[in-house]
Amino acid sequence: MDHKLLIVPAGKKIHLAHYDPGFTGTFKKKENALKKLQADILSIAELQDILYAQDRYALLIIFQAMDAAGKDGAIKHVMSGLNPQGCQVFSFKTPSAEELDHDFLWRCNKALPEKGRIGIFNRSYYEEVLVVRVHPELITKEKLPGESGGKELWNDRYDEINQFEHHLVRNGVVVLKFFLNVSKDEQKRRFLERIEEPDKNWKFSIADASERKHWDEYMKVYEDMLRHTSTKWAPWYVIPADHKWFTRVAVADVLLKGLKSLDLKYPKVSKERRTELQKIRQQLESEQT
């Protein structure tokens, strides 16, 4: 898969209208994509085992999207082969009173994965330059010093996010960021499906439908965010999301490439340790059953 078609060039202004939410790459049949997805899931699971054993790197996966774009489904399917002991998922909702009393990176910072683990953020600190920007009244709850909400605030936050992620990368955390790009029409179809199917009613919120009124505003702030925070060390991937099967295979492909880039290897056992293991083996074999 050609990642150049998905990646946002660092510092370049983009228009989401130029990214096709219905794009399926070279896949003409869903079945072929699913075969690749299953193969990639197995490879990801194997590399996760080495990542955990090596205990040198961590992987942070960030998902951002409009409602009903398929974040939950992508996490469920792409990560289905992972060992739960080495993986953790955090969903960031409306900030609590405690979280609002800290800086905007705090609640995500304390949820970062340890070395050897894979951390998944379903939404993240990027909400602070997205939903808060579309709804500027929310910024007052953060009780920031001085005047708040102007262009300078958002530029400062972009810089702080870039510096934060650069710090993570320098310390062995690979940061993969996915914006699931769903069309407005497809979102509507999925909302209606959630209403029509009883077992999906719980997933529908009146607030989700209300946010559709701000669709154009969201597209503008997403474009601004992608432009300012897609960096060489932590680029954004715009993943077409109108076909869930392609979303999942694209995310898995990027994830697998990220793991392979680390040249992961199982820890080497020292000569002394090998000698010790041989002694233990001899003891076990000499036991009488």
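The values are calculated or read from the model by the stated rules, or taken from the named source; none is laboratory data. Just so it is clear, the model here is predicted, and its values are computed rather than measured. Quick reminder, even Gly has a Cβ in these numbers, built from the backbone with ideal geometry, and neighbours come from all protein chains shown.
Conditions (1) surrounded by fewer than 21 Cβ atoms within 10 Å (Cβ to Cβ); (2) of a type outside the set (S, T, N, Q), marked per residue:
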| residue | (1), (2) |
| --- | --- |
| D55 | yes, yes |
| F63 | no, yes |
| L82 | yes, yes |
| Q85 | yes, no |
| V89 | yes, yes |
| D101 | yes, yes |
| N109 | yes, no |
| K115 | yes, yes |
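Of all the numbered requirements in (1) acidic (D, E); (2) closer than 23 Å to N162 by Cβ; (3) touching a strand residue (DSSP E or B) at 6+ places or on another chain (Cβ under 8 Å), E128 misses one, and that requirement is (3).
Of all residues in the stretch 243-289, which are under 12 Å from L37 (Cβ atoms) and small (G, A, S)?
Step one: filter the stretch 243-289 for residues under 12 Å from L37 (Cβ atoms), giving 244-253, 255-256.
Residues satisfying the conditions are A250, A252.
In this entry, L256 passes the filter for residues that are aliphatic (A, V, I, L, M), in a helix (DSSP H, G or I) and touching a residue at least 40 places away in the same chain (Cβ under 8 Å). Scoring L226 on the criteria (1) under 25 Å from L51 (Cα atoms); (2) touching a strand residue (DSSP E or B) at 6+ places or on another chain (Cβ under 8 Å) leaves a single failure, condition (1). You will find that of R190, R194, R274, the residue that is surrounded by 16 or more Cβ atoms within 10 Å (Cβ to Cβ) and more than 23 Å from the chain's Cα centre (by Cα) is R194 and no other. Scan (1) in contact (Cβ under 8 Å) with a residue 60 or more places away in the chain; (2) under 27 Å from Y125 (Cβ atoms); (3) charged (D, E, K, R) for the single condition K213 breaks and write down its number. Evaluating K213 over (1) in contact (Cβ under 8 Å) with a residue 60 or more places away in the chain; (2) under 27 Å from Y125 (Cβ atoms); (3) charged (D, E, K, R) leaves (1) as the failure. Does R248 satisfy the condition of being among the charged types (D, E, K, R), modelled with pLDDT of 85 or more and under 18 Å from the mean Cα position of the chain (by Cα)? So R248 passes the test.
Every listed requirement among (1) touching a residue at least 40 places away in the same chain (Cβ under 8 Å); (2) of a type outside the set (A, V, I, L, M); (3) under 30 Å from Q163 (Cα atoms) is met by F246 save one, (3). Contact map, the stretch 72-95: residues that are under 27 Å from E128 (Cα atoms) paired with residues that are surrounded by fewer than 18 Cβ atoms within 10 Å (Cβ to Cβ), Cβ distance under 6 Å, separation 6+ or inter-chain. Pairs shown: F90/A111.
For the stretch 146-179, a residue qualifies if it is of a type in the set (V, I, T), touching a strand residue (DSSP E or B) at 6+ places or on another chain (Cβ under 7 Å) and part of a helix (DSSP H, G or I), and exactly one does: V169.
Report yes if E46 is in contact with a helix residue (DSSP H, G or I) (Cβ under 6 Å, 6 or more places away or on another chain), acidic (D, E), free of Cβ contacts under 8 Å to residues at least 12 places away in the same chain and more than 16 Å from L176 (Cβ to Cβ), otherwise no.
Numbers: in contact with a helix residue (DSSP H, G or I) (Cβ under 6 Å, 6 or more places away or on another chain): no; acidic (D, E): yes; free of Cβ contacts under 8 Å to residues at least 12 places away in the same chain: yes; more than 16 Å from L176 (Cβ to Cβ): yes.
So E46 fails the test.
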